[in-house]
Amino acid sequence: MLAQHPANLILRFFLEIVALVSVGQWGWQAGQGPWRYVYGLGLPLLLAAAWATFAVPGDTSRSGKAPIPVPGRARLALEIAFFTLSVLAMLANGSLALAAAFGLAALLHYFWSAARVVWLWRN
């Protein structure tokens, strides 16, 4: 199963980190005064907390544990929203090429994780 292949897991980790950084960068640029800190630091922390907290029990691409169990479709929607938000943040920051490359890498990750996507959809 390619979803568990080390290369795909490294890609997923890279996507997660880049997504958090891009949203933080957007927040820093969008905020003024003290709001820069709220947007630049708070948004990535909020997204990271949601990413780590809402999970499907038994998801082998994660620890298999679910601090707050959610249905697979809800987790899939969270992941798609997370990566889409980061693409939008890159576009808002004026990084069209980076947004396109990131979006393509995210699609490649989900292509390699097709079995997991189907599993999430059914659970």
Could you give the size of the charge dipole of the chain about its Cα centre, using +1 on the Cβ of each K and R and -1 on the Cβ of each D and E, expressed in debye and rounded to the nearest 20? 240
Relative contact order in percent for the stretch 8-123 (Cα pairs under 8 Å, 6+ apart) equals 28
Please name which of Leu96, Ala52, Thr84 has its Cα lying farthest along the dipole of the chain towards the positive end, using unit charges on Cβ (Lys, Arg +1; Asp, Glu -1) and the Cα centre as origin. Ala52
Mean projected area, convex hull of alpha-carbon positions in the stretch 76-117, reported to one decimal in nm², is 2.6
Projected onto their principal axes, the Cα atoms of the chain stretch, largest extent first, over whole-Å spans of 45, 31, 21
Restricting things to alpha carbons, tell me how big the stretch 43-92 is in terms of Rg and Dmax, in Å. 11.7, 36
For the stretch 100-105, 3J(HN,Hα) per residue [Karplus equation, 6.51 cos²θ - 1.76 cosθ + 1.60, θ = phi - 60°, Hz, x = Gly/Pro]: 5, 5, 5, x, 5, 5
Integer Hz, Karplus 6.51/-1.76/1.60 couplings in order for the stretch 18-30, x for Gly and Pro: 4, 4, 5, 5, 5, 5, x, 5, 4, x, 5, 6, 7
Any chance you could check the Cα centroid distance between the stretch 104-123 and the stretch 13-41 for me, in angstrom? 26
Pairwise label distance in nanometres, Leu41 with Ile10, each label 7 Å out on the Cα-Cβ vector: 3.2
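The numbers here are math on the coordinates, done by the rules we state, and not lab data. Note that the structure is a prediction, hence the values are computed from the model and not measured. Positions of Cβ are generated from backbone atoms using ideal geometry, with glycine treated the same way; all protein chains shown enter the neighbour counts.
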